[in-house]
1. Among what's in the stretch 51-74 and is closer than 12 Å to Ser21 by Cα and modelled with pLDDT under 95, pick the residue that is farthest from the chain's Cα centre (by Cα).
2. Give the residues of the stretch 1-39 that are of a type in the set (Val, Ile, Thr) and in contact with a Gly (Cβ under 6 Å, 6 or more places away or on another chain), sorted by residue number.
3. Being closer than 26 Å to Lys32 by Cβ, part of a loop (DSSP other than H, G, I, E, B) and either touching a Lys or Arg at 6+ places or on another chain (Cβ under 8 Å) or aliphatic (A, V, I, L, M) (or both) is the filter here; which residues of the stretch 84-115 pass it?
4. What number of residues in the stretch 18-34 are under 16 Å from Gln110 (Cα atoms), open to solvent by less than 60 Å² (accessible area, probe 1.4 Å) and out of contact with any Lys or Arg (no Cβ under 7 Å at 6 or more places or on another chain)?
5. Tell me, please, whether a residue that is farther than 18 Å from Pro87 by Cα, open to solvent by 60 Å² or more (accessible area, probe 1.4 Å) and of a type in the set (S, T, N, Q) can be found in the stretch 35-50.
6. Farther than 22 Å from Gln13 by Cα, in contact (Cβ under 8 Å) with a residue 60 or more places away in the chain and open to solvent by 70 Å² or more (accessible area, probe 1.4 Å), is that true of Gln107?
7. Is the stretch 62-79 home to any residue that is surrounded by fewer than 18 Cβ atoms within 10 Å (Cβ to Cβ) and in contact with a Lys or Arg (Cβ under 8 Å, 6 or more places away or on another chain)?
Amino acid sequence: QVQLVESGGGLVQAGGSLRLSCAASRSIFSIKSMGWYRQAPGKQRELVATISSGGSTNYADSAKGRFTISRDNAENKVYLQMNSLKPEDTAVYYCTVEQILRTYWGQGTQVTVSS
């Protein structure tokens, strides 16, 4: 069973930066994409950013220009650099790894942005 472990969350002031990391417990083959989602209290989980096996990226409008997703294919790791953080970015952030037939989810890491 593959486990995804996120790290790098925490408390930061508005305008600050955080870098989230996600590592898989073992090698994952035939990855279509890797990504990050987030869920704020009382809200639905939403896409933040994804990156395909070929390196193509996709960002939510709220993340464009502030967040950067990257991946290490050899290590099965995905990262999310978050700059210019806002209080509305406060949420639990989840990493995902998508194969053709299934998607793996991490347990989430809390990001709290104070005003």
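The values are calculated or read from the model by the stated rules, or taken from the named source; none is laboratory data. Predicted model only: the values in this text are computed from it and were never measured. Cβ coordinates were reconstructed from backbone atoms using ideal geometry, including for glycine residues, and neighbour counts include every protein chain displayed. Areas reflect the complete protein model, heavy atoms only, side chains present, ligands, DNA and RNA absent. Shrake-Rupley method; radii C 1.70, N 1.55, O 1.52, S 1.80 Å.
1. Asp72
2. Once the filter is applied, which keeps residues that are of a type in the set (Val, Ile, Thr) and in contact with a Gly (Cβ under 6 Å, 6 or more places away or on another chain), the stretch 1-39 yields nothing.
3. Gln99, Ile100, Leu101
4. Total meeting the criteria: 2.
5. Looking through the stretch 35-50, none of the residues is farther than 18 Å from Pro87 by Cα, open to solvent by 60 Å² or more (accessible area, probe 1.4 Å) and of a type in the set (S, T, N, Q).
6. So Gln107 fits the description; yes.
7. yes
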